[in-house]
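This report concerns only the one structure given below.
The values are calculated or read from the model by the stated rules, or taken from the named source; none is laboratory data. No experiment lies behind these values; they were computed from the predicted model shown. In this analysis, Cβ positions are derived from the backbone assuming ideal geometry, glycine residues included, and neighbour counts consider all displayed protein chains.
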Amino acid sequence: MSKAQAIEALIKAIGKENVITEHEELVCYSFDATADMPSQLPDVVVTPRSTDDVVEIMKVANQYKMPVYPRGSGTNLCGDTIPLKGGIVLRTQKMNKIIEIDADNLVAVVQPGVVINDLNTAVAPFGLIYPPDPGTVATATMGGSVSECSGGLRGLKYGVTKHYVMGLEVVMVDGTVASFGGKTVKNVTAYDMVKLFTGAEGTLGIITEITVKLIPAPEAKKSMLAVFNKLEDAGNTVTEIVRSKVIPATMEIMDQVTIRTVENFAKVGLPTDAEAVLLIEVDGIPEVVEREAATVVKVVEKNNGNIKVAKDDKERDGLWAARRAALPALAQMKPTTVLEDATVPRSRLTDMLVALQNIAKKYDLMIGTFGHAGDGNLHPTILTDERNTEEMKRVHQAVDEIFKTALELGGTISGEHGIGMAKAKYLPMEFGEQGVEIMRKIKRALDPENLLNPGKMMG
Amino acid sequence: MAVYDNIKGIEEEIIKCMKCGNCQAVCPVYKETLSESGVARGKIQLAAKILKGEAKYTPELYKKFDLCLQCQACSANCPCGVKAHKIIMAARAELARQNMLPFAKKAAFNILKKPGLFDFGLRLGSTFQGLAFRKNASGMSPRFPIGLEMRRVVPALADKPLRSELPEVNKAPNSRKKVAFFTGCVTNYIYTSVGKAVVDVLNHNGVDVIIPKEQHCCGAPAIINGDIETGKAMAKSHVDIFSKYDVDAIITVCGTCGGTFEQKYVELLADDPVYEAKARAVARKIRDISEYLVDDLKVNFAKLGSVPISFTYHEPCHIGRGMGLTRQPLEMLTKIPGITYKPMKQPNRCCGGAGSFSLTNYDVSYQILKKKMADIQGTNTNVVVTGCGSCRMQLEDGLAQEKMPHKVMHVIEVVQMAYQNAKEKPAATANKEQTKASQKSGKTKKAS
Ligand SMILES: Cc1cc2nc3c(=O)[nH]c(=O)nc-3n(C[C@H](O)[C@H](O)[C@H](O)COP(=O)(O)OP(=O)(O)OC[C@H]3O[C@@H](n4cnc5c(N)ncnc54)[C@H](O)[C@@H]3O)c2cc1C
Ligand code: SF4
Ligand code: SF4
């Protein structure tokens, strides 16, 4: 059975206009946002418009044994949408309807191709928000972010994507459709399948409908920028704020390399001689916000920091623009940006930051680190040039050491970007062979022929 | 290496792209097609293939690069500072060198190179308007260099082109400055009132306006489509023409023309031992009319007559992102007495016109235009002000098709109204006094 026949079958199933085989188009689906990855052309790209279309596609894929790679906006950072073994890229862009906003139950039901920001715009008139906010809120899809279990800047107080996914409709590899979870806050009916598919990186099934939790938008916010001459002081501040019973919505850190680059890029008035800055935002009821902000100021000053409280929305936007610019600004420095998301318990933050500085020195690399200090999720960002093979060797050694260090400190190799191709080989380091084997058994049970996003995670 | 002479000239820009996909959030084409080949990220990866010598020069490849408005939204919002629109242009140039330009476009550019012939063709079109339109509808002969044959609602050509109506030298009553005026095709052949407004307002301010007779099309349609050879010929010709005049500034009334003189000519002639310096000298003098009135003359618009209209503003891509003039047009308009400005939600979102784009990709173009129309509709105004003739054509097309009552005006026409309304009060001497008043206010801007 040939590929050409499979493509014919796809055209018959979902219509010619939804099946792309033109070479120039295929090139555009051969990569994603991940650096230092091989690219691979798919054989065909399909654009389903409904769950039924997805079912039909899976039937064809199953019949012709063609691998299927679900794809949202292709902004993931672990090589997760690269069609490594050829086959079918299934893109969800045209399944982009917001099906329901149910303000009484604080939920929304969406198709997977909806862009995160579009959901937020739609629920705003109800005074509600969908909190998960990866740096790509304006581009990433709900399906992609559920499948990566994306985090973002508000993880400490609001959690991450998995804390908001209440129900999923999934098309399995053989075309079976199943629904798990729903609109109720409480639901212990059998296995928590919703959690299993959340963060599964498209390796277990195709998500076709998502029910998410919404929360009331906080009434007030206060952003602050704390500057430290010593890294340790910043680290201590983070732990002490939490010890003082204040849980900021955001507590972001940038190291010196990042500060300098961001300032150069965005000109927001960051002090370029500081060793670290923390961007802290508390939100909630106005009186509580005031009280918490006062506590933050006290803790920062006690730890030798210099703090500035944003007076108005404009200043707040400036501070936030700086943080949002961190990765892009670093990326401007050198052609290739290798971005990791090793994560440690909050109390080990300083240890990790110091270790990263040493690793940069040891391998003679430029590493800028920023990230979500409040939840211990750091983004050491190695700036390099993939055309320089000698340097790339050192980059790979440094990455190995970063993961080893994170695990030694009681952390994990990925806080929010996922495993994909980029980190697959490190899984045994975290779970041991036996742990990986248990996961492999789950994968085999649901996708015995490894047709769903092969080459990623355990596949 | 000049960026458009060889795809290698753009390598560093291509490498800089981190493939983050942020451009998806702002690309008007992507918003319609939702396909990766529509957005800069996809196109840049295709350009990378050309760079590596791995691309096949197919009509499909040509189409991918053709499907771009050159609106520069991607470049303006790229976190890595990638000049994505330039990469796309460089790829178009490479494709043109590989003989991928469709025949019709190539033929049109060849005509452009001969200003006399071009002029002749357009006058002929003007006289036989109705006939020419019918011919155009069947795609037989493009009426305009960038071709308008597929448009459904097209503005009428002026009875007489601007440059044959106005003298070459337009002296001001109290002359104190001298500028040259590059009219651009749309102003010369369609919206001649815009050109007259420029002369009128500048004369009022004591500025002599020279309209060099030899000028022709700036060449943007050729350059944007990758016909670099034609583009260079047009660039050299205009650099020669405008170098001849000892003027304070060269005025433009269209962002695309202005940007072509200010940036593209310099880029195109960058390696030319004779023309590089000359092109730079011309480029330094380029001023959009809004920029010249606000920044150079420092006109006190608050002292002008009242213009009691309620307007919304569409920022042309090449005025805002292209020439960086986001402040000047509005600063000038909003200071005029009696006027009310009601911003649309996304004033700087492309209208979808983009020259030949609206011909070769009319469906996508019209979908983009419809978004603009909805945005205008939401403003509760009856005038749309803009600063570019080709945006105006596109907007008028949309307004007519959507049956909206709005009138489109060029920025300078509104300013001219303000001058006229001031004049009407103290009859005879108004003209002179007005000139004096604005001269004075020009020098003592802070006092106002
Ligand atoms: C500049 C930048 C900043 C970023 N910042 C953050 C950040 O702060 N936090 C964070 O967590 N991430 C971040 N990311 C990573 C990325 O944006 C997120 O993982 C995002 O949620 C991916 O969404 P997407 O639509 O692009 O998914 P894609 O990249 O298209 O896909 C991601 C995964 O989901 C799978 N998938 C997609 N749709 C479906 C479906 N319907 N069913 C099953 N599987 C599916 C794919 O197969 C793939 O495995 C960042 C990335 C970039 C480039
Ligand atoms: S052009 Fe800029 S915004 Fe677009 S993918 Fe490349 S780096 Fe990102
Ligand atoms: S110039 Fe405009 S249309 Fe072209 S790729 Fe960039 S954003 Fe899209």
Report summary line: Out of (1) surrounded by fewer than 24 Cβ atoms within 10 Å (Cβ to Cβ); (2) modelled with pLDDT of 95 or more, the one B:LYS372 does not meet is (1)
Requested in this report: Evaluate the following for B:TYR57: is it of a type in the set (Ser, Thr, Tyr), crowded, with 20+ Cβ neighbours inside 10 Å and either within 24 Å of the chain's Cα centre (by Cα) or away from ligand 2 (no atom under 16 Å from the Cβ) (or both)?
Outcome: no
Report task. Please find, within the range B:1-36, the residue that is surrounded by the fewest Cβ atoms within 10 Å (Cβ to Cβ) out of those that are within 11 Å of ligand 3 (Cβ to nearest atom) and farther than 14 Å from A:THR139 by Cβ. Result -> B:THR33
Report task. Hey, can you tell me all the residues within the range A:323-350 that are farther than 24 Å from A:MET224 by Cα and among the polar types (S, T, N, Q)? Result -> A:GLN332, A:THR336, A:THR337
Report task. Please find, within the range A:51-93, the residue that is nearest to ligand 1 (Cβ to nearest atom) out of those that are basic (Lys, Arg) and outside any strand (DSSP E or B). Result -> A:LYS85
Report summary line: The lone condition A:PRO132 fails out of (1) within 20 Å of A:LYS162 (Cβ to Cβ); (2) away from chain B (no Cβ under 14 Å); (3) part of a helix (DSSP H, G or I) is (3)
Requested in this report: Pull up the range A:401-459, narrow it to residues that are surrounded by fewer than 18 Cβ atoms within 10 Å (Cβ to Cβ) and acidic (Asp, Glu), then point me to the one that is farthest from A:MET58 (Cα to Cα).
Outcome: A:GLU408
Query - Meets criteria (among the β-branched types (Val, Ile, Thr) and touching a residue at least 60 places away in the same chain (Cβ under 8 Å)) for A:THR51 - result: yes
Query raised in the report: Counting only residues that are at the interface with another protein chain (Cβ under 10 Å from one of its Cβ atoms) and touching a strand residue (DSSP E or B) at 6+ places or on another chain (Cβ under 8 Å), which one in the range A:321-334 is surrounded by the most Cβ atoms within 10 Å (Cβ to Cβ)?
Result: A:LEU330
Query - Those residues of the range B:38-51 which are in a helix (DSSP H, G or I) and near ligand 3 (Cβ under 10 Å from one of its atoms), in sequence order - result: B:GLY38, B:ALA40, B:ARG41, B:GLY42, B:LYS43, B:ILE44
Query raised in the report: Mind checking which residues of the range A:264-274 are surrounded by fewer than 18 Cβ atoms within 10 Å (Cβ to Cβ) and on the phi < 0 side of the Ramachandran plot?
Result: A:ASN264, A:VAL268, A:PRO271, A:THR272, A:ASP273
Requested in this report: For the range A:365-389, name all the residues that are surrounded by fewer than 17 Cβ atoms within 10 Å (Cβ to Cβ) and over 22 Å from A:THR272 (Cα atoms).
Outcome: A:ASP385, A:ARG387, A:ASN388, A:THR389
Query raised in the report: Which one of these does B:LYS52 not meet: (1) in contact with a helix residue (DSSP H, G or I) (Cβ under 8 Å, 6 or more places away or on another chain); (2) without any contact (Cβ under 8 Å) to a residue 60 or more places away in the chain; (3) of a type outside the set (Asp, Glu)?
Result: (1)
Requested in this report: Considering each residue of the range B:1-47, count those that are more than 7 Å from every other protein chain (Cβ to nearest Cβ), in contact (Cβ under 8 Å) with a residue 24 or more places away in the chain and within 11 Å of ligand 2 (Cβ to nearest atom), and give that number.
Outcome: 12
**Report entry** Yes/no for B:PHE357 being in contact with a Leu (Cβ under 9 Å, 6 or more places away or on another chain) and at pLDDT 95 or above
**Finding:** no
Query raised in the report: Can you name every residue in the range A:24-74 that is in contact with a Pro (Cβ under 8 Å, 6 or more places away or on another chain) and within 14 Å of chain B (Cβ to nearest Cβ)?
Result: A:LEU26, A:TYR29, A:SER30, A:GLN40, A:LEU41, A:PRO42, A:TYR69, A:GLY72
